[in-house]
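The values are calculated or read from the model by the stated rules, or taken from the named source; none is laboratory data. It should be emphasised that the depicted structure is a prediction, and the values quoted were computed from it without experimental measurement. Using ideal geometry, Cβ is built from the backbone for each residue, glycine included, and neighbour counts are taken over all protein chains shown. SASA here: full protein model, heavy atoms, side chains in, ligands and nucleic acids out. Shrake-Rupley method; radii C 1.70, N 1.55, O 1.52, S 1.80 Å.
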Amino acid sequence: MRSGEELDGFEGEASSTSMISGASSPYQPTTEPVSQRRGLAGLRCDPDYLRGALGRLKVAQVILALIAFICIETIMKCSPCEGLYFFEFVSCSAFVVTGVLLIMFSLNLHMRIPQINWNLTDLVNTGLSTFFFFIASIVLAALNHRTGAEISAVIFGFLATAAYAVNTFLAVQKWRVSVRQQSTNDYIRARTESRDVDSRPEIQRLDTFSYSTNITVRKKSPTGPLSLNHWQLA
């Protein structure tokens with residue numbers, strides 16, 4: 001029999017071995033951090049979008065709308081204030097909506113919500129922003145008092161209008177391409193399904209058998225009361 005010291009040494013070695021094996025186990029320490037890394041991986045910035053034409057236009061629109069809003073906020077006095085208030089509302093709304101879309105596209109958050117047509121959403125936003133920025137800039141230019149803040153707001157308003165107009169043109173082209181791709185994919189899917197049905201002979205045999213069975217039943221069924229009288233006379 002082993003002595004108490006040998007048993008204590010054996011238990012110490014077993015405990016150290018279990019600790020080493022538990023530390024080197026691939027299941028215990030990596031379960032939660034892997035899910036966290038996957039969750040944070042979707043929030044990384046997309047440099048390809050920011051380097052592209054649409055990303056640069058989005059950044060320019062946000063900056064121009066913000067500068068126009070700051071310029072209009074520095075005006076302290078106005079006699080007809082309707083044009084100023086309208087320009088303030090348009091610049092603030094364009095800055096907020098375009099900023100949200102820029103964050104969604106640059107962080108690829110729009111990929112997590114495929115139920116929304118983001119190309120059409122961007123097209124509607126840029127189209128409306130182009131129209132309202134143009135109207136607001138014209139109204140403010142007609143009603144201004146030739147102060148530095150008003151002139152600066154009008155200039156940045158027209159620059160924002162140009163940026164939104166170019167983005168609208170590119171968004172229309174992108175939306176048309178996406179519609180064509182969707183129609184092409186639907187056509188290819190329908191052709192593939194029809195070919196799959198044609199290439200399965202058991203479905204064709206089943207259809208032929210059901211059709212021939214219906215014809216046989218119709219031939220054997222009595223046609224009317226004359227057939228009954230004929231069988232009785234026979």
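A few points about this structure:
- For residue 78, the shell of other residues with beta-carbons less than 15 Å away shows a net charge of -2, using +1 for Lys and Arg and -1 for Asp and Glu.
- Taking all protein chains together and rolling a 1.4 Å probe, residue 88 ends up with roughly 50 Å² accessible.
- Local electrostatic count at residue 102 - Lys and Arg +1, Asp and Glu -1, tallied over other residues with Cβ under 14 Å: +1
- Accessible solvent surface per residue of the stretch 47-195, calculated while the other protein chains remain in place, 1.4 angstrom probe, Å²: 59 Å²
- Surface composition of the stretch 47-195: carbon and sulfur make up 69 percent of the accessible area, probe 1.4 Å.
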